[in-house]
1. If residue 11 meets every condition in (1) at pLDDT 95 or above; (2) more than 19 Å from residue 65 (Cβ to Cβ); (3) among the hydrophobic types (A, V, I, L, M, F, W, C) apart from one, which number is that one?
2. Taking residue 43 as the residue in question, decide whether it is at pLDDT 95 or above and under 27 Å from residue 122 (Cβ atoms).
3. Specify which of the listed residues (63, 17) is at pLDDT 95 or above and hydrophobic (A, V, I, L, M, F, W, C).
4. In the range 80-116, which residue that is among the aromatic types (Phe, Trp, Tyr) and out of contact with any Lys or Arg (no Cβ under 8 Å at 6 or more places or on another chain) is modelled with the lowest pLDDT?
5. Against the condition under 30 Å from residue 4 (Cα atoms), more than 17 Å from the chain's Cα centre (by Cα) and of a type outside the set (Val, Ile, Thr), how does residue 91 come out, does it pass?
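The values are calculated or read from the model by the stated rules, or taken from the named source; none is laboratory data. Just so it is clear, the model here is predicted, and its values are computed rather than measured. So basically every Cβ, Gly included, is an ideal-geometry build from the backbone, and we count neighbours across all protein chains shown.
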Amino acid sequence: MYDQWPVVGVVAAGGAAGACARYGAALLWPQPAGTFPWTTFGVNVTGCAVIGAFMVLITEVRAAHRLVRPFVGTGVLGGYTTFSTYAVEARRLVDAHQAATAAAYTAATLAAALGAVWASAWATRGVLARRAR
């Protein structure tokens, strides 16, 4: 049990850093109520793109210290990307009688986030393959 405390600590520290970055993005690019939440959409998509590249680098290129993946992947990027804000914003759109925008937001976020993970993993592998030649 005690061997898990370092993992818990790095996830917490990384999560705090990622959440602060997400909050900073919301302060820099505030969204008017009842409109498509572009800031959270962008945060989630860019965070997923980084996750795709990061996972390729630490699983296929070079083994990382056992705390790097929980710190960066679960902590920083998990705190940066946000399902809770995504869900709250979709609900606020519905409450503001913007159901079509809410549906577009939920579908577009899912598609773009999954696409970003796939595309960044694919691109990272491509760059690494070219460098290995």
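1. With respect to (1) at pLDDT 95 or above; (2) more than 19 Å from residue 65 (Cβ to Cβ); (3) among the hydrophobic types (A, V, I, L, M, F, W, C), residue 11 is out only on (2).
2. For residue 43, the condition - at pLDDT 95 or above and under 27 Å from residue 122 (Cβ atoms) - is met.
3. Unique residue meeting the criteria: 17.
4. For the range 80-116, the residue satisfying everything is 83.
5. In short, no.
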